[in-house]
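Participant: Would you mind keeping the following structure in view while I ask a few things?
What follows is calculated from the coordinates using simple rules that are stated; it is not laboratory data. Since the structure is predicted, the reported quantities are computational estimates derived from the model, not experimental observations. Neighbour counts run over all protein chains shown; Cβ positions are idealised from the backbone, glycine included.
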Amino acid sequence: MRKVSAMVVLLAALAVAAFGSRPRIEVRDPYEGDGSWYRGQLHAHSTIHKYWVHPDSLRDKVQRYRDAGFDFVCMTDHNFVTAFPDSPYAVLPTRDPGVEGIHFISGAEIGFTLPSSSLRRKHHIGGVGMDWSVERGESLFNLSETDTIDAQSAIDSIRTMRYAEDDEALAVLNHPEMEARLNVRIYPENMTGLTGLAGIEVFNTKWARSRPAGKSWQNHGASHWDYVITKLDGMRWGFATDDAHAYVVGDDYLGGWIVVRAETLTTKSLLDAVKRGNFVACVDSCDGARRDSTSAVFTELGVRGQSIIAASDRPTEFTWWTDYGHLARRTEFARADTFVVEGWEHAVRVRIRNDAGAAYSQPFFMESSDRDEDRWQLRPETGTELQLHF
């Protein structure tokens, strides 16, 4: 009996030691809080620019998104903040084009170059919530449509333009994998050193649907996202957009968008929620024959203790990624799935995919006061840092 008792005590002690060795992790939930869900587009174009104005362009494009069921839209014309008052280039003498039933957000898309000599071609950063009063209708930074500036200057200039007194505009890295038609791909390591970006496009309808055969539309830009989540401070969130120019369903329109949980349908409330990561990036099923647009839907998404819970409304594939794009878990034909945080992860995100399309959560970041940093750094970086998971 004494031997058995001693063995029980020893096993109990080992169990306590093992449990005590697990790091105490707090999983930060970007979906905390209340509010309503609003569907929006943060990257689309009118035909307004410094040299050519179509009188009905801005209103028409905004109406298209309203009629497709969107709650808000940001127009991001090239090197020009769309819809300025008192501007010779503005369609209407008002910040908002005045389309009822949809909220309008001012924005622009800025051309930039990276310092690497092999990447001198133009890339784009989107500016969302850029206050019209700063530039008073002039072409942004005194650039023509085809001019560029260096990347950090573009980011810094966007952030000086505010959508509220204390709230900087958002800078988003647009279509990093644009190599389908042009040799202008940005490799993840080329982003090292950039500061002030709110996030990155993980899906862009215009460019994703022009990719070569064999390249899946669901993961456009995702490898870059996993890299910056793990390696770069501050650049956290993943966006799905259209980048509409021609407004052709199945080509550059109604393929990618975000759904934001905000208290009210105002620029401040929406963009404050985006900055917290309280939104989902959504992708249509890519059926060009369809005239509507749908995506997979999260019916539950949040944190319980050290577990992340996700659920959908139909049989769904759940795919979980952690640091450096490590594919940690995949569950098929389920309506719900749970990821239990082990303690070595820096961030976890989940994508759901079914016959309606796909939807990406924003990353759940981990905080710990006693994490084993050596263990965390060793797993699973080697061989997966630049992995493309198509």
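Participant: At 0.36 nm per residue, minus the direct Cα-Cα distance, what do Ala336 and Arg59 gain on full extension? Give it in nm, one decimal, please.
Facilitator: Difference between extended and current length: 95.6 nm.
Participant: If you don't mind, another one. Starting from the Cα-Cα distance between Ser153 and Ser36, subtract it from 0.36 nm times their residue separation and give me the gain in nm to one decimal.
Facilitator: In short, 38.6 nm is gained.
Participant: Also: Going by how many other beta carbons lie within 10 Å of each one, how would you line up Trp320, Trp207, Trp257, fewest first?
Facilitator: Trp320, Trp207, Trp257
Participant: Next question, about the same structure. Along the Cα→Cβ direction, 7 angstrom out, place labels at Thr47 and Ala246. What is the inter-label distance in nm?
Facilitator: Taking the simple label geometry, Thr47 and Ala246 are separated by 1.5 nm.
Participant: Given the peptides 301-310, 149-158, arrange them by the average over their residues of other C-beta atoms within 10 Å, most packed first.
Facilitator: My ranking of the peptides, most packed first, is 149-158, 301-310.
Participant: Which order do Asp60, Asp252 fall in if you start with the one that has the fewest other Cβ atoms within 10 Å?
Facilitator: Going from least to most buried by this count: Asp60, Asp252.
Participant: While we're on this one: If you place +1 on the Cβ of every Lys and Arg and -1 on the Cβ of every Asp and Glu, how big does the dipole about the Cα centre of the stretch 312-371 come out, in debye to the nearest 20?
Facilitator: 200
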